[in-house]
Amino acid sequence: MSAPESDPDRITAALAALDFAKGDGLVTAIAQDTATGEILMVAHMNEESLRATLARGEVVYWSRRRGLWHKGEQSGNVQRLKNIRIDCDADAVLLEVEQIGRAACHTGRRSCFFRRWDGESWADEGEQVFDPAEVYGK
């Protein structure tokens, strides 16, 4: 998928393949960097957010707290959709993305998976790309 999808019938057909009912209207969404294969984050999508993602070509997630959430709207670290896959049960999507900006995580790190169990405790790894307090004002 190199450009946003503008045909409403094709978007509807894409959505019909997913089982949103199984997860109370949500599917699990995994974002993977197309260039490196790195898993950047896991979030949720509903029909509305997936429709918006396909239409705009940039990832839009669904947050139970915030509703529709265009990834990178505040930070500038957007995810440009390159490809989308669904799992065998049709209740999870793998979003192959081009990460625009160096961070995918709201903590300011490249990936949300920056904690590693070292056998005794959790160790933080990875570069701190930005200060969340400066970007989000928190």
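Bear in mind these aren't lab numbers, they're just calculated from the coordinates by the rules spelled out. Just so you know, these numbers come straight off a predicted model, no measurement behind them. So basically every Cβ, Gly included, is an ideal-geometry build from the backbone, and we count neighbours across all protein chains shown.
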Rounded to the nearest 5, what % of DSSP beta bridges with both residues in the chain are antiparallel?
80
Lone cysteines in the chain, going by a 4.7 Å Cβ-Cβ cut-off?
Cys88
Reduced to Cα centres, the span from segment 5-65 to segment 67-128 in Å works out to 14
Could you give the length gained by full extension between Arg56 and Val42, i.e. 0.36 nm per residue of separation minus their alpha carbon distance, to one decimal place?
3.0 nm
Using DSSP to call loops (not H, G, I, E or B), can you name the trypsin sites (Lys or Arg not before Pro) in segment 9-85 whose Cβ has at most 10 other Cβ atoms within 10 angstrom?
Arg64, Arg65, Arg66
Using the beta-carbon distance between Ala123 and Asn83 and R0 = 30 Å, what value does 1/(1 + (r/R0)^6) give for FRET efficiency, to the nearest 0.05?
0.40
I want to check the label-to-label distance for Arg115 and Glu73. Put each point 7 Å from Cα in the C-beta direction and report it in nm to one decimal.
2.7
Place +1 on the Cβ of every Lys and Arg and -1 on the Cβ of every Asp and Glu in the chain, take the dipole about the Cα centre, and give the residue among Gly37, Leu54, Ser75 whose Cα lies farthest towards its positive end.
Ser75
Once you have the Cα-Cα distance between Asp9 and Val135, take 0.36 nm times their residue separation minus that, and quote the gain in nm to one decimal.
41.6 nm
Of segment 15-40, those with amide N under 14 Å from the point 7 Å along the Cα→Cβ vector of Thr107 are 40
Cβ charges +1 (Lys, Arg) and -1 (Asp, Glu), total dipole of the chain, debye:
320
